[in-house]
Amino acid sequence: MLYREVVKSGFFEFQAARDRYREMSTEGMHRDLVFRFIEVQVLLLAPICPHICEHIWKLIGHEKSIMYASWPQHEGIDESYLKASSYIADSAHEFRLRIKSMMTAKGKK
């Protein structure tokens with residue numbers, strides 16, 4: 001995998017997914033899920049920025065070096081969750097735009 005792709009997938013897309021989760025969480029983000037997110041992201045980025053990832057790995061409570069950790073495993077991707085998430089995000093965005101335009105129209109009267 002190219003360096004650019006690792007940074008794109010391992011950092012930017014992962015951060016975007018976390019941000020979407022934060023926006024949609026009405027009761028706040030689940031602590032265990034946030035820690036899992038940090039673990040996986042640190043593991044993905046460890047080959048390209050090992051020193052900072054090792055430091056974060058220790059901060060979140062791991063005693064052994066990140067170099068001994070195994071690569072994150074995942075189960076199959078459920079496309080219906082991705083579609084539903086995209087639909088909700090798009091609907092929320094459209095809703096916010098409509099409210100903004102209505103508020104702007106009221107302010108001009």
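Annotations
- Label-to-label distance, nm, for residues given as LYS106 and GLU27 (7 Å Cα→Cβ offset): 3.1 nm
- Here the 3J(HN,Hα) profile of the stretch 62-71, calculated from phi with Karplus coefficients 6.51, -1.76 and 1.60 at θ = phi - 60°, is 7, 8, 7, 5, 4, 5, 8, 6, 8, 4 Hz, Gly and Pro shown as x.
- Note on the chain: with charges restricted to the Cβ of Lys and Arg (+1) and Asp and Glu (-1), its dipole about the Cα centre is near 840 debye.
- Treating each Cα of the chain as one equal point scatterer and applying the Debye formula with no solvent, the log10 of I(q)/I(0) at q = 0.11, 0.12, 0.19, 0.21 Å⁻¹ comes out as -0.51, -0.59, -1.09, -1.22.
- Loop-located GluC sites (Glu not before Pro) in the stretch 1-97 (DSSP state not H, G, I, E or B) with no more than 13 neighbouring Cβ atoms inside 10 Å: GLU27, GLU63, GLU75.
- Spacing of the two label points (7 Å from each Cα toward its C-beta) at LEU2 and ARG20, in nm: 2.3 nm
- Kyte-Doolittle mean at least 0.0 and Cα axial length at least 18 Å: DSSP H helices in the chain: 31-45
- Whole-angstrom gap from the stretch 1-24 to the stretch 78-97, using each part's C-alpha centre: 17 Å
- The mean sequence distance of close C-alpha pairs (under 8 Å, at least 6 residues apart), as a share of the length of the chain, puts its relative contact order at 20 percent.
Throughout, read-outs are computed from the coordinates displayed, never taken from laboratory work. If you're wondering where the values come from, they're calculated on a predicted model, not measured in any experiment. With ideal geometry, Cβ positions are generated from the backbone for all residues, glycine too; neighbour counts draw on all protein chains shown.
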